[in-house]
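We did not get these values from a lab; they are worked out from the coordinates using the rules stated. What you are looking at is a predicted structure, and each value in this text was computed from that prediction instead of being measured. Virtual Cβ from ideal backbone geometry, glycine too; neighbours counted across all protein chains shown.
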Amino acid sequence: MAWEFHVGTESYIKYQIVISIGVPRIISLDGPYKGPAQDGSIMVETLAPRMGENETALADKQYRFVEHAITPLSGHRYELTEAENSFNADVYSIRQSVERVNSRLENFSLLKFHSWPYSVQFHALCMQAIGKLVNLSFIIKPL
């Protein structure tokens, strides 16, 4: 999943955040990347090489052409079979956990800046620290 926000006056940066599904925690936080970078390209260059042969990642529809990515099936509910709709329901259920992790990240003011007044490198260091704090928060307050 990529996280995008504004830095400086005209540029955007992104982070790729990978969350474990079994025990909710951030297992990878990569970035920053330039905003125009395609999320799928970031995954192919960073996450996919670290994955085992049989490992997969649950991802949004925009990753549907990326190897190792499991995405919701395309189509309207009435066009899909019962099994396909059930699969999509499972994917969206897991995505709710991901969104709850996102909301914990958003609790930090770092992600609310419309314009970051410091360097991108400093932002990356702060983002890494926030990721570690969010992981600690799961011990105190599980999802």
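Would you mind putting 38-51, 81-94 in packing order, based on average other-beta-carbon counts within 10 Å, highest first?
The peptides rank, most packed first, as 38-51, 81-94.
Taking θ as phi - 60°, what are the ³J(HN,Hα) couplings along the stretch 29-46 by the Karplus curve (6.51, -1.76, 1.60), each to the nearest whole Hz, with x for Gly and Pro?
9, 10, x, x, 10, 5, x, x, 4, 6, 4, x, 5, 4, 5, 4, 7, 10
Between Ile140 and His76, what is the FRET efficiency for a Förster distance of 30 Å, r being their Cβ-Cβ separation, to the nearest 0.05?
0.15
Could you put Ser20, Ser137, Ser115 in order, starting from the residue whose Cβ has the fewest other Cβ atoms within 10 Å?
Ser115, Ser20, Ser137
What residue among Gln128, Gln16, Gln96 has the largest mean-square fluctuation in a Gaussian network model of the chain, using Cα springs under 10 Å?
Largest GNM mean-square fluctuation: Gln96.
Can you give the log10 of the normalised intensity I(q)/I(0) at q = 0.13, 0.14, 0.22, 0.26 Å⁻¹, computed with Debye over equal Cα scatterers of the stretch 54-124?
These q points yield log10 I(q)/I(0) values of -0.58, -0.65, -0.99, -1.13.
What FRET efficiency comes out for the pair Tyr118/Ile27, r = Cβ-Cβ distance, R0 = 35 Å, nearest 0.05?
0.85
Number of Lys-Lys pairs in the chain under 25 Å by Cα, sequence gap 8 or more or different chains?
Within the chain, the lysine pair count is 10.
For Ser41 and Tyr12, compute 0.36 nm times the residue count separating them, minus their Cα-Cα distance, and round to one decimal in nm.
Value of the extension gain: 8.8 nm.
Of all beta bridges DSSP finds with both residues in the stretch 2-135, what is the antiparallel percent, to the nearest 5?
In the stretch 2-135, DSSP labels about 85 percent of beta bridges as antiparallel.
Which one, Arg25, Arg77, Arg104, has the greatest fluctuation when you compute a Gaussian network model over the chain with C-alpha springs under 10 angstrom?
Looking only at Arg25, Arg77, Arg104, the biggest GNM fluctuation is shown by Arg77.
Considering the chain, what Rg and Dmax in Å follow from its alpha-carbon atoms?
16.3, 51
Could you check the spin-label model distance between Phe65 and Glu84? Points 7 Å from the Cα along Cα→Cβ, value in nm.
My value for the distance between the label points is 2.0 nm.
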